[in-house]
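Undergrad: Pasting in a structure now, in structure tokens, and then I'll have a few things to ask.
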Amino acid sequence: MDRSWMRADRRTKEYQRGVEEFLMYAFEHGFDENKINCPCVKCAHSKSWNARRVRDHLFLNGIDETYTCWIWHGENVIESGSSQSVDQIPIKTENSYAHLCLLQNTTAVRPYFDEHMSFLMTKYPEHENDEVWLKKKQNEIFPRWFQEKIASDLLNEKKWNINAR
Ligand SMILES: [Zn+2]
């Protein structure tokens, strides 16, 4: 999917179309029209609004340009257009995680997001209270961190093998 619109001027048709496409994407992936995670620069995924408000924010504040893989809105693999769900991901092959970009709000992954957040706060104490910065950073480095985390969990506890059944 072409997401170059995210870098376009907010007054252009291209950007407008992109915003609509983004909202459609969220609906198609089962998000409630009244509760869509807001990817605008100010909210940076820390708040959820109804579709109208998210649209307003995207025009007023602009969209987070680094958010090219829509993990907070149902996208879970880098190959866009795939509708594979987290359950179908071959959980036992460590290497497959290299291609993942995971859903934030699946119950299995959620605790890892929280853990990652604490990790970020420890690693960047100077940004400890800057939620926007932290969310952005998390977006950037979570997939990679998660991959390593799972690999080490597999070795330590075989936790994911159990969960995968
Ligand atoms: Zn917002």
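Undergrad: Which condition from (1) near the ligand (Cβ under 10 Å from one of its atoms); (2) in contact with a Gly (Cβ under 7 Å, 6 or more places away or on another chain) is the one that residue 37 breaks?
TA: It is condition (2) that residue 37 fails.
Undergrad: Given the conditions (1) of a type outside the set (Phe, Trp, Tyr); (2) in contact with a His (Cβ under 7 Å, 6 or more places away or on another chain); (3) near the ligand (Cβ under 9 Å from one of its atoms), which single one is not true for residue 47?
TA: (2)
Undergrad: Now for a different question. Could you please let me know if residue 69 is surrounded by 15 or more Cβ atoms within 10 Å (Cβ to Cβ), part of a loop (DSSP other than H, G, I, E, B) and modelled with pLDDT of 90 or more?
TA: no
Undergrad: Output the qualifying pairs, or none if there are none: Cβ atoms under 6 angstrom, residues six or more apart or on different chains, first residue in segment 40-54 and in contact (Cβ under 8 Å) with a residue 24 or more places away in the chain, second residue part of a helix (DSSP H, G or I) and more than 8 Å from the ligand (Cβ to nearest atom).
TA: From segment 40-54, the pairs are 44/132; 44/135; 44/136; 45/72; 45/135; 46/131; 46/135; 51/23.
Undergrad: Of all residues in segment 1-19, which are of a type in the set (Asp, Glu) and not in a loop (DSSP other than H, G, I, E, B)?
TA: 14
The values are calculated or read from the model by the stated rules, or taken from the named source; none is laboratory data. Since we're looking at a predicted model, the values are computed, not measured. A quick note on method: Cβ atoms are made from the backbone with ideal geometry, for glycine too, and the neighbour counts reach across all protein chains shown.
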